[in-house]
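K.L.:
This structure is in structure tokens; I'll ask about it shortly.
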Amino acid sequence: MTSTTAATPEVAPLQLFDLTVVRTKRLGPSILRITLGGPGSEGFRGGGRDQSLSLLLPRPGQRESVAPAGEAGSGRERWRALTEGERALLRSYAVRAERPRPDGSTEVDLDFVLHGDGGPASRWARKAAPGDRITVLGPAVADDTAVRFRPPADTDWVLIRADETALSAAAAVLEWLPAGLPARVWLEVPCTEDRQALNTAAKARIRWLVRSEGAACGVEAVRAAALPEGTPYAWIAGEASGVRALRHHLVQERGFAPERVTSTTYWTRGLSAEQARKAESEGVSAENGASEHREGVCPGQVAR
Ligand SMILES: Cc1cc2nc3c(=O)[nH]c(=O)nc-3n(C[C@H](O)[C@H](O)[C@H](O)COP(=O)(O)OP(=O)(O)OC[C@H]3O[C@@H](n4cnc5c(N)ncnc54)[C@H](O)[C@@H]3O)c2cc1C
């Protein structure tokens, strides 16, 4: 569900890795970091930026996920070959950081939004404890197709817009940006305490949009901004309706070239990842009455 016509590399297939939960750490009221690694993580190697992987999760009623054995080759093809309706559910997560270890293994940090809608990924994350095992479809080479942030060489400045699900991808992108590159960044989170310290050598102007503080989180925050001169590249990720609206604003109202806007739907209000994929493939607009502006609901706060 990414829209861009920017050049992508040769297809480097994702591979299956059987990983172990090493530790968990709460980053804020809405976000939990889970570090994976251990035996089986050897050979995991991502490309930074918005590199993502897929978790293989059990379906409701299954004790364990039905996953192909972790051999070399395209893990997705082997997952597809399993019986539909039985094979593991896939959920995408950004690789916030990866650290090679002296023993040859790799530690991988994933940041989970603990949303209250009880999907298999957020359910798994809530219960995750050191020693738990999980299979992932992950990168084995740095330049693979799950890296979408690809500013063309003539980019003068970058626009980044992310909600809480895309915060870890945006943070990794900021770490990757070259020193001095101007960047205008809008990051939306449910609660004040979900904000994070971010590292970047870019000349970034970062604005936090905190829903519980009543921030205007739709397209209006960007619409109101005076943007830098020069040739832009935009990266937008988050909930479907907001992604769609901002892409429309940038291309139709600001005159951004469509191929210079990478927009990715990370989740769709009211639809599970499977339902969203089905709606997308059937060309159905999955609005479900979702408004572009969302109220912030922090743990302990009652939705209005
Ligand atoms: C490339 C990519 C990278 C991603 N990276 C991350 C990441 O690093 N961290 C992260 O937290 N998410 C990330 N996401 C989003 C994540 O995959 C979705 O939120 C996913 O739907 C969660 O799966 P689930 O099983 O919990 O819920 P699902 O079974 O998919 O959905 C169940 C219900 O929960 C709702 N729902 C799903 N997500 C949310 C949410 N965040 N807030 C409120 N309601 C929700 C759905 O609308 C649905 O009604 C990424 C998505 C993509 C495509």
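K.L.:
Specify the inter-centroid distance of the stretch 257-282 and the stretch 22-69, based on alpha-carbon positions, in whole Å.
P.N.:
21 Å
K.L.:
Using a Cα-Cα cut-off of under 18 Å, which lysines could be cross-linked to K127, ignoring same-chain neighbours fewer than 8 residues away?
P.N.:
Result set, ordered by chain and number: K25.
K.L.:
Here's a follow-up. Principal axes first, then extents: for the Cα atoms of the stretch 31-104, list largest minus smallest coordinate on each axis, whole Å, largest first.
P.N.:
Principal axes ranked by extent give 38, 32, 22 Å for the Cα atoms.
K.L.:
Send over the Kirkwood Rh of the stretch 201-289, from the inverse of the averaged 1/r over different Cα pairs, rounded to one decimal Å. Kindly include the intermediate steps, with their values, before the conclusion.
P.N.:
Numbers: mean 1/r = 0.0679 Å⁻¹.
For the stretch 201-289, the Kirkwood estimate is 14.7 Å.
K.L.:
Given R₀ = 30 Å, FRET efficiency for K127-A179 by Cβ-Cβ distance, to 0.05? Intermediate values should be presented prior to the final figure.
P.N.:
Values: r = 41 Å, r/R0 = 1.37.
Efficiency for this residue pair is about 0.15.
K.L.:
Rounded to whole Hz and in sequence order, give me ³J(HN,Hα) for the stretch 129-134 from the Karplus expression 6.51 cos²θ - 1.76 cosθ + 1.60, θ = phi - 60°, writing x for Gly and Pro.
P.N.:
Once θ is set to phi - 60°, the couplings for the stretch 129-134 become 9, x, x, 4, 10, 8 Hz.
K.L.:
Order 244-257, 151-164 from most to least packed using the mean count of other Cβ atoms within 10 Å. Numbers along the way, then the final one.
P.N.:
Values: 244-257: 16.4, 151-164: 19.6.
In decreasing order of mean packing, 244-257, 151-164 become 151-164, 244-257.
K.L.:
Taking 1 over the mean of 1/r across every pair of different Cα atoms in the chain, what Kirkwood radius in Å do you get? Please report the intermediate quantities before stating the final value.
P.N.:
Numbers: mean 1/r = 0.0502 Å⁻¹.
Its Kirkwood hydrodynamic radius stands at 19.9 Å.
K.L.:
I need the calculated FRET efficiency for the pair A225 and H115, taking r as the beta carbon distance and R₀ as 35 Å, to the nearest 0.05.
P.N.:
Working: r = 28 Å, r/R0 = 0.80.
Once the sixth-power term is evaluated, E becomes 0.80.
K.L.:
Kindly state, to the nearest 0.05, the FRET efficiency for K278 paired with T145, given R0 = 22 Å and r defined as their beta-carbon distance.
P.N.:
Numbers: r = 22 Å, r/R0 = 0.99.
Efficiency, rounded to the nearest 0.05: 0.50.
K.L.:
For E77 and D156 in the same chain, what is the full-extension length gain: residue separation times 0.36 nm, less their Cα-Cα distance, in nm?
P.N.:
Numbers: separation 79, 0.36 × 79 = 28.44 nm, distance 3.87 nm.
Full-extension gain reported as 24.6 nm.
Values in this text are rule-based calculations from the coordinates and carry no lab data. Because the structure is a prediction, the values reported are computed rather than measured. Virtual Cβ from ideal backbone geometry, glycine too; neighbours counted across all protein chains shown.
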